[in-house]
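Novice: Could you have a look at this structure, given as structure tokens, before my questions?
The values are calculated or read from the model by the stated rules, or taken from the named source; none is laboratory data. Everything numeric in this text was worked out from a predicted model, so none of it was measured. With ideal geometry, Cβ positions are generated from the backbone for all residues, glycine too; neighbour counts draw on all protein chains shown. Areas reflect the complete protein model, heavy atoms only, side chains present, ligands, DNA and RNA absent. Shrake-Rupley method; radii C 1.70, N 1.55, O 1.52, S 1.80 Å.
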Amino acid sequence: MDLAFIPSPSVGVVHLGPIPLRGYAFCIIIGVFVGVWLGNKRWVQRGGRSGTVADIAVWAVPFGLVGGRLYHVITTYEPYFGPNGHPLDAFKVWEGGLGIWGAVALGAVGAWIGCRRRGIPLPAYADALAPGLAIGQAIGRWGNWFNQELYGKPTDVPWALQISSDPAIGRIGGTYHPTFLYESLWCLGVAALVIWADKRFRLGHGRAFALYVAAYCTGRAWIEYMRVDEAHHILGLRLNVWTALIVFVLAVAYLVISAKKAPGREAVVEPGAQLAEGEGADEGGEGVKDAEDADGAKGAESVNDDADATADATADADATKPGADEKPVESEKPAESAKDEPADAKAEDAANAPAADAAKPAGSGSTKKS
């Protein structure tokens with residue numbers, strides 16, 4: 001008797017009137033949004049413009065969905081093009097079946113187109129997006145839980161996943177290893193590893209993305225080995241195990257070669273981003289400077305006006321005062337008359353005295369005898 005297990009949803013779709021809301025699709029959509037959000041934050045930190053990651057994702061996401069579906073249909077073609085297959089079911093993406101290898105490969109083609117249109121180096125964009133991709137995968141894997149698919153071998157561990165039986169598709173009920181949960185947790189660990197290594201070693205030129213690929217492949221190899229769903233085998237190993245091994249080797253080789261040829265990180269990830277920010281800063285600085293100049297001009301004008309008014313008042317006052325080299329004309333007359341009047345009067349009296357004496361008759365007014 002199982003004491004504990006992870007239950008699976010009884011249904012993977014809820015109908016809102018005529019509109020089906022599928023858990024698998026919701027997980028994929030949420031994963032895409034979270035990945036783009038984190039990628040945008042990292043892109044801005046690297047010197048790019050906000051919104052560029054989302055603009056390029058408009059190209060990358062559709063290409064990724066098509067690539068993921070193509071990989072699944074090609075590597076698992078029997079339900080679609082085999083005996084008693086249904087070719088139209090190949091378009092039913094909501095029923096599950098997206099290969100991460102094809103999604104990343106063709107998604108990179110879409111990202112390359114978007115980057116080329118904006119003049120952005122693809123490796124720098126991939127570095128910024130790498131942790132977001134891993135977290136997006138961690139969220140998207142829960143879509144397998146809603147569809148009760150891609151589980152592992154039977155087990156009775158406390159965290160086992162309960163799967164309900166479905167004879168129509170040959171599904172046997174029981175408890176199995178929740179490989180979707182293992183991969184989800186592994187992807188979260190990969191995202192943390194890439195973020196740490198990127199800060200610690202300043203990874204650039206696509207090396208953060210290569211680290212994400214190598215780390216993901218390491219976990220995918222052993223998780224894939226645990227799965228029991230139908231798959232093609234080569235030399236006793238599942239096809240996806242071989243794919244993980246080959247991609248791991250390529251990612252490690254890129255890490256080594258890139259570190260030798262282009263050490264360090266890109267100085268510029270988006271041409272024109274710094275210039276646009278500088279222009280905005282200059283415009284803001286010029287605006288402040290213009291405001292300060294305007295205030296300064298007003299202050300200078302008021303000071304000048306005050307100075308002019310003072311100068312005019314001083315000039316008027318100076319006009320009523322004698323200059324340093326000039327002698328007052330009007331004021332001299334009263335001063336001279338007040339000062340010189342007694343002397344002039346005495347002089348006139350002295351000059352007129354003989355005449356007055358001559359005009360007098362002899363003996364008049366005189367007591368002296370001759």
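Novice: With (1) open to solvent by 20 Å² or more (accessible area, probe 1.4 Å); (2) of a type outside the set (S, T, N, Q); (3) under 23 Å from Tyr24 (Cβ atoms); (4) under 40 Å from the mean Cα position of the chain (by Cα) as the list, and His205 as the residue in question, which single condition is left unmet?
Specialist: His205 satisfies every listed condition except (3).
Novice: Would you check if there is a residue in the range 68-89 being over 24 Å from Phe180 (Cβ atoms), surrounded by fewer than 21 Cβ atoms within 10 Å (Cβ to Cβ) and in contact with an Asp or Glu (Cβ under 8 Å, 6 or more places away or on another chain)?
Specialist: yes
Novice: Take the conditions closer than 23 Å to Ala251 by Cα and either assigned to a helix (DSSP H, G or I) or within 20 Å of the chain's Cα centre (by Cα) (or both) and apply them to Ala128. Does it pass?
Specialist: yes
Novice: Which count do you get for residues in the range 208-225 that are touching a strand residue (DSSP E or B) at 6+ places or on another chain (Cβ under 8 Å) and surrounded by fewer than 16 Cβ atoms within 10 Å (Cβ to Cβ)?
Specialist: 1
Novice: Also: Of the residues that make up the range 122-139, is at least one open to solvent by 10 Å² or more (accessible area, probe 1.4 Å), farther than 17 Å from Val34 by Cα and not small (Gly, Ala, Ser)?
Specialist: Yes - at least one qualifying residue is present in the range 122-139.
Novice: Could you check, for the range 107-116, whether at least one of its residues is basic (Lys, Arg) and touching a residue at least 24 places away in the same chain (Cβ under 8 Å)?
Specialist: no
Novice: What residue, among those in the range 21-46 that are closer than 23 Å to Gly204 by Cα and among the aromatic types (Phe, Trp, Tyr), is most open to solvent (accessible area, probe 1.4 Å)?
Specialist: Checked the range 21-46; the qualifying residue most open to solvent (accessible area, probe 1.4 Å) is Trp37.
Novice: For Thr218, work out the one condition from (1) assigned to a helix (DSSP H, G or I); (2) touching a residue at least 40 places away in the same chain (Cβ under 8 Å) it doesn't fulfil.
Specialist: (2)
Novice: Follow-up. What number of residues in the range 233-267 are aliphatic (A, V, I, L, M), over 29 Å from the mean Cα position of the chain (by Cα) and not in a helix (DSSP H, G or I)?
Specialist: 3
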